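Visitor: First the structure, then my questions, so here it is.
The values are calculated or read from the model by the stated rules, or taken from the named source; none is laboratory data. No experiment lies behind these values; they were computed from the predicted model shown. Here Cβ is always computed from backbone atoms with ideal geometry, including for glycine, and neighbour counts include all displayed protein chains.
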């Protein structure tokens, strides 16, 4: 799948880019290009891996020129560049528009012009029934990908959508670990809040699954279990041997109590695998009569796929999943605590 291929990862200095590069170290590939605007993170990544087949392009997806320069001779594109912080996108929504929508259009359009084989755009559960600027712009990123897939044939343009990636940059688990190690109270937005629990390697699995199985216009979704924020806090406290107080601070700007990965309308045209959904493109055209005269009874037979109705991890399962994360194990070792063995059937 990757032999002799030139791969471009936009926003490649982030969590996904590093995880993908780590997975590729023992595989055959031609070249991996990292396009990002953060020269400091690029320098850290360059020195960490020290590989001639890992090349760095300083640029911004908002700038079509820098995208075009990085796109020359590329076979596969993983579009991960985005503004992902919910509160910052709420206060600066036009910045989210410029990166998540306009930047995505620049990447997809450039890939098509350069004859790229496949473009995989990385999306999020927050794009479903979006209540915040980040989710709204990622939802429109998905629409950009779908619209491009409708009007051209040469490049496969698809998207993947997954829930919260554990210990990714800006996620809540690193904050909880920091608070625990500092002996401060743990700040929880709402004790009943549920979130999908997805280790980063499973997100990379989803992207590889998309490369093998996606048709142009498809949306691939990774199934995931969920936990309450209370179980996440209790699991981390158990691992670190603390009993710190918990402060409920209320839901932040644009947050939901539960997340949705797929709507019932999407599931009505989905093909289900053991760990994935493949949702085909809505192929209706500008013949508006189809919207009013044709329906689909299947849409009434499914519920939305949410963090409230997916498989719920109990406290023990949540703790085992947290203990399996390399970052958590590193924090435990740094604190002088021996990490527990990782069960073979960790979720």
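Visitor: State yes or no: is residue 82 surrounded by fewer than 15 Cβ atoms within 10 Å (Cβ to Cβ) and either at pLDDT 95 or above or part of a helix (DSSP H, G or I) (or both)? Explain how you work it out, then say what you get.
Guide: Numbers: surrounded by fewer than 15 Cβ atoms within 10 Å (Cβ to Cβ): no; either at pLDDT 95 or above or part of a helix (DSSP H, G or I) (or both): yes.
Against the criterion (surrounded by fewer than 15 Cβ atoms within 10 Å (Cβ to Cβ) and either at pLDDT 95 or above or part of a helix (DSSP H, G or I) (or both)), residue 82 does not qualify.
Visitor: I would also like to ask the following. From 88, 104, 15, 36, grab the single residue that is under 19 Å from residue 168 (Cα atoms), modelled with pLDDT of 95 or more and in contact with a helix residue (DSSP H, G or I) (Cβ under 9 Å, 6 or more places away or on another chain).
Guide: Numbers: 88 fails: modelled with pLDDT of 95 or more; 104 fails: under 19 Å from residue 168 (Cα atoms); 15 fails: modelled with pLDDT of 95 or more.
Every option except 36 fails the conditions.
Visitor: Select, from 86, 102, 61, the only residue that is in contact with a strand residue (DSSP E or B) (Cβ under 7 Å, 6 or more places away or on another chain) and touching a residue at least 12 places away in the same chain (Cβ under 8 Å). Steps first, answer last, please.
Guide: On the way: 86 fails: in contact with a strand residue (DSSP E or B) (Cβ under 7 Å, 6 or more places away or on another chain); 102 fails: in contact with a strand residue (DSSP E or B) (Cβ under 7 Å, 6 or more places away or on another chain).
Result: 61 is the single residue among 86, 102, 61 that is in contact with a strand residue (DSSP E or B) (Cβ under 7 Å, 6 or more places away or on another chain) and touching a residue at least 12 places away in the same chain (Cβ under 8 Å).
Visitor: Listed residues 67, 77; which is more than 12 Å from residue 144 (Cβ to Cβ), at pLDDT 95 or above and touching a strand residue (DSSP E or B) at 6+ places or on another chain (Cβ under 6 Å)?
Guide: Numbers: 67 fails: touching a strand residue (DSSP E or B) at 6+ places or on another chain (Cβ under 6 Å).
Unique residue meeting the criteria: 77.
Visitor: Do you know which of the residues in the range 120-150 that are over 22 Å from residue 171 (Cα atoms), touching a residue at least 60 places away in the same chain (Cβ under 8 Å) and more than 16 Å from the chain's Cα centre (by Cα) is surrounded by the fewest Cβ atoms within 10 Å (Cβ to Cβ)?
Guide: So, considering only residues that are over 22 Å from residue 171 (Cα atoms), touching a residue at least 60 places away in the same chain (Cβ under 8 Å) and more than 16 Å from the chain's Cα centre (by Cα), the one surrounded by the fewest Cβ atoms within 10 Å (Cβ to Cβ) is 150.
Visitor: Another one. Looking at the range 151-164, is at least one residue within 30 Å of residue 245 (Cα to Cα), in contact with a strand residue (DSSP E or B) (Cβ under 9 Å, 6 or more places away or on another chain) and part of a loop (DSSP other than H, G, I, E, B)?
Guide: First, the residues of the range 151-164 that are within 30 Å of residue 245 (Cα to Cα): 163-164.
Now narrow it down to the ones that are in contact with a strand residue (DSSP E or B) (Cβ under 9 Å, 6 or more places away or on another chain): 163-164.
Filter again for part of a loop (DSSP other than H, G, I, E, B), leaving 163-164.
Yes: one or more hits.
Visitor: Mind listing whichever residues of the range 86-119 are within 19 Å of the chain's Cα centre (by Cα), surrounded by fewer than 24 Cβ atoms within 10 Å (Cβ to Cβ) and under 21 Å from residue 216 (Cβ atoms)?
Guide: Scanning the range 86-119 gives 101, 105, 118.
Visitor: Is the range 10-18 home to any residue that is in a helix (DSSP H, G or I), crowded, with 24+ Cβ neighbours inside 10 Å and out of contact with any strand residue (DSSP E or B) (no Cβ under 9 Å at 6 or more places or on another chain)?
Guide: no
Visitor: Please give the number of the condition residue 194 fails out of (1) under 29 Å from residue 347 (Cα atoms); (2) out of contact with any strand residue (DSSP E or B) (no Cβ under 8 Å at 6 or more places or on another chain).
Guide: (2)
Conditions tested, residue by residue: (1) farther than 19 Å from residue 162 by Cβ; (2) at pLDDT 95 or above; (3) out of contact with any helix residue (DSSP H, G or I) (no Cβ under 6 Å at 6 or more places or on another chain).
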site	(1), (2), (3)
219	no, yes, yes
248	yes, no, yes
251	yes, no, yes
255	no, no, yes
259	no, no, no
271	no, no, yes
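Visitor: Sticking with this one: Of all residues in the range 22-45, which are under 16 Å from residue 75 (Cα atoms) and either assigned to a helix (DSSP H, G or I) or within 18 Å of the chain's Cα centre (by Cα) (or both)? Outline the logic, then answer.
Guide: Step one: list which residues in the range 22-45 are under 16 Å from residue 75 (Cα atoms), which gives 24, 28-35.
Answer for the range 22-45, where residues must be under 16 Å from residue 75 (Cα atoms) and either assigned to a helix (DSSP H, G or I) or within 18 Å of the chain's Cα centre (by Cα) (or both): 24, 34, 35.
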